[in-house]
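Colleague: Here it is, the structure, as structure tokens.
Since every read-out is calculated from the coordinates, none of them should be taken as a lab result. Owing to the predicted nature of the structure, the values given are computational and were not obtained by experimental measurement. Cβ sites come from the backbone with ideal geometry, for glycine too, and all protein chains shown count toward neighbours.
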Amino acid sequence: MKQDPAKKGASCAMKRSSLRHSVKDETPEWMKNKKHPHKHKFMSGRAIAPKGITGKESLTKLVSETFLAYNAARLREACELYTQKMLEPDVTIGMSLAGALTPAGIGCSCVIPLIESGFVDWIVATGANMYHDMHFALNLFPRVGSFQADDVLLRENDVVRIYDIFLGYTDGLMATDDILRMIIKQPEFQKEMGTAEFYHLLGKYLNEYEKKNKVGKVSVLAAAYRSGVPVFTSSPGDSTIGMNMAGVELEGYKCRINPSIDVNETTSIVLDAKRSGGKSGVVLVGGGSPKNFMLQTEPQIQEVLRIKEVGQDYFLQFTDARPDTGGLSGATPSEAVSWGKVDPNRLPDAIVCYLDSTVALPIMVHYAMENRKKRPLKRLYEKREEMLKNLVVEYFAHNKITHLSHK
């Protein structure tokens with residue numbers, strides 16, 4: 001004879017209740033009486049219980065709902081910081097680019113869309129990134145290769161590699177060199193200038209090469225030229241661009257880069273962002289010299305120019321460098337506070353994601369494009385002279401000194 005399901009359920013419930021009451025509470029009295037006044041604060045985060053991935057999620061939903069721990073969580077926090085706070089209209093965003101990013105296609109896929117959307121206002125990049133950026137406008141595209149290739153064989157076959165990227169030597173690098181030298185021999189280059197002006201002039205030519213070669217919008221420098229985004233290089237001699245400039249100087253040409261111009265112009269950008277009532281934020285893709293050059297703007301303001309300031313408002317970095325080796329590439333935002341580079345009151349808005357930037361940046365760019373409308377272009381390149389004048393005025397206002405010309 002079958003038992004009534006209702007009676008069976010009631011019977012099981014009674015047994016469980018009886019079992020609970022019969023089990024002795026073994027919790028020690030000292031533990032029962034211990035106070036945990038802040039436990040609720042630490043345990044207030046959302047439960048880690050993501051739904052199964054179906055393949056139909058948007059990238060935003062995937063990042064927001066499944067990137068919950070470790071560097072996945074840091075990447076989610078980076079996406080949220082950038083999209084929700086840094087892309088507000090009053091924030092001036094600087095981006096540094098280190099590592100071989102443009103030959104990997106990151107310029108085309110990520111940096112150009114950010115420039116054209118008003119999501120990055122000024123850039124510090126290695127000269128190598130800007131040199132390899134030229135290949136794209138010149139229709140000399142790098143090719144997918146293999147990191148397991150025989151390098152002796154590559155050399156014998158006129159091919160160079162950047163890990164798993166292949167470029168032609170004669171018909172790639174040397175062809176780019178020939179065009180670059182032809183450009184920097186033009187009259188408008190025969191003077192002393194900063195890298196922002198140099199790249200703006202170069203970008204004008206690359207913009208024309210894009211049209212001529214019908215390759216689309218593929219050059220960062222061409223996009224920066226069109227959008228008025230100043231691009232700087234902290235060590236202009238340390239790249240094939242600098243090598244070619246040195247080469248044509250042997251022929252008597254006068255294209256000279258003055259690094260002091262770059263130091264003052266980048267500093268004036270950060271100071272202008274703050275003095276105009278806005279905020280300043282940095283997106284550091286990799287580390288190295290571009291990271292330092294971008295962050296040194298605040299010590300330049302505070303330590304060297306003796307102008308009262310407090311540091312960057314937002315700090316976001318993608319890096320694979322460790323902090324314990326003492327290198328700048330892995331230096332944390334909290335360490336940067338001691339140098340005046342980051343506002344100590346804004347450390348919650350400082351994120352470091354330990355992840356290959358060629359993985360992290362496309363995800364963040366997609367997230368931003370999916371969630372924010374374009375911002376009006378700040379066109380900082382065209383405001384360089386005005387911002388520099390304001391920097392000079394404030395410098396003399398804070399220091400009891402006289403300009404040399406007045407002595």
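Colleague: For the chain, what are the DSSP H helices with axial Cα length of 27 Å or more and mean Kyte-Doolittle hydropathy of at least 0.0?
Modeller: Correct list, ordered by number: empty.
Colleague: Same structure again: In what sequence, highest mean first, do 357-363, 154-160, 135-141 appear when ranked by Cβ atoms within 10 angstrom?
Modeller: The packing order, highest mean first, is 135-141, 357-363, 154-160.
Colleague: What FRET efficiency do you get for residue 325 and residue 235 if R0 is 22 Å and r is their Cβ-Cβ distance, rounded to the nearest 0.05?
Modeller: For residue 325 and residue 235, the calculated efficiency is 0.60.
Colleague: Next question, about the same structure. Just rank 36, 398, fewest to most, by other beta-carbon atoms within 10 angstrom.
Modeller: Sorted ascending by nearby Cβ count, the order is 36, 398.
Colleague: Report the full-extension gain for the segment residue 390 to residue 57: residue separation times 0.36 nm, less the Cα-Cα distance, to one decimal in nm.
Modeller: 115.0 nm
Colleague: Looking at the chain, what % of its DSSP beta bridges pair antiparallel, to the nearest 5?
Modeller: Antiparallel bridges: around 20 percent, rounded to the nearest 5.
Colleague: Just to check I understand the Karplus step: with θ = phi - 60° and J = 6.51 cos²θ - 1.76 cosθ + 1.60, what whole-Hz values come out for the range 303-320, glycine and proline as x?
Modeller: Once rounded to whole Hz, the list reads 7, 8, 8, 6, 9, 5, 7, 10, x, 5, 7, 10, 9, 9, 9, 10, 7, 10.
Colleague: Let me ask you something else. Placing +1 on the Cβ of each Lys and Arg and -1 on the Cβ of each Asp and Glu in the range 249-407, which of 340, 392, 253 has its Cα farthest towards the positive end of the resulting dipole?
Modeller: 392
Colleague: So, one more: According to a simple spin-label model (label point 7 Å from Cα along Cα-to-Cβ), what is the distance in nm between residue 33 and residue 49?
Modeller: For the pair residue 49/residue 33, the computed spacing is 3.5 nm.
Colleague: With Cβ to Cβ distances under 9 Å as the rule, what net charge do the other residues near residue 313 carry (K, R +1; D, E -1)?
Modeller: +2
Colleague: Cα gyration tensor of the range 159-201, axes a ≥ b ≥ c as square roots of the eigenvalues: rounded (a/c below 1.5), prolate (a/b > b/c) or oblate?
Modeller: Note, shape of the range 159-201 comes out oblate.
Colleague: Give, in nm to one decimal, the length gained when the segment between residue 151 and residue 398 is fully stretched (0.36 nm per residue of separation minus the Cα-Cα distance).
Modeller: Value of the extension gain: 83.2 nm.
Colleague: Explain nothing, just compute: Karplus ³J(HN,Hα) = 6.51 cos²θ - 1.76 cosθ + 1.60, θ = phi - 60°, for every residue of the range 37-47 in order, whole Hz, x for Gly and Pro.
Modeller: Listing the rounded values in order: x, 10, 4, 4, 5, 6, 9, 8, x, 5, 5 Hz.
Colleague: Let me ask something additional. Calculate the length of the line joining the C-alpha centroid of the range 327-406 to that of the range 286-319, in whole Å.
Modeller: Taking the Cα centre of each part, the range 327-406 and the range 286-319 sit 6 Å apart.
Colleague: While we're here: What list do you get for 31, 245, 364 if you sort them by fewest beta carbons within 10 Å?
Modeller: Listing 31, 245, 364 from fewest to most nearby Cβ atoms yields 31, 245, 364.
Colleague: How high is the relative contact order of the chain, in percent, counting Cα pairs under 8 Å that sit 6 or more residues apart?
Modeller: 21
Colleague: Choose one answer from 247, 105, 118: the residue with the largest mean-square fluctuation in a GNM of the chain with alpha-carbon springs under 10 Å.
Modeller: In this elastic network of the chain, the residue with the biggest mean-square fluctuation among 247, 105, 118 is 247.
Colleague: State the extension gain, in nm to one decimal, for the chain segment bounded by residue 211 and residue 73, taking 0.36 nm per residue of separation less the distance between their alpha-carbons.
Modeller: 45.5 nm
Colleague: Which entry is the computed Cα extents along the principal axes in Å for this structure: [x] 106, 63, 40; [y] 71, 59, 46; [z] 65, 55, 34?
Modeller: [x]
Colleague: Per-residue ellipticity at 222 nm for the chain, helices alone: DSSP H runs ≥ 4 residues times -39500 (n - 2.57), over residue total, nearest 500 deg cm²/dmol?
Modeller: -13000 deg cm²/dmol
Colleague: Another one. Using the alpha-carbon centroid of each, what span in Å lies between the range 135-156 and the range 91-107?
Modeller: For the range 135-156 versus the range 91-107, the Cα centre distance is 21 Å.
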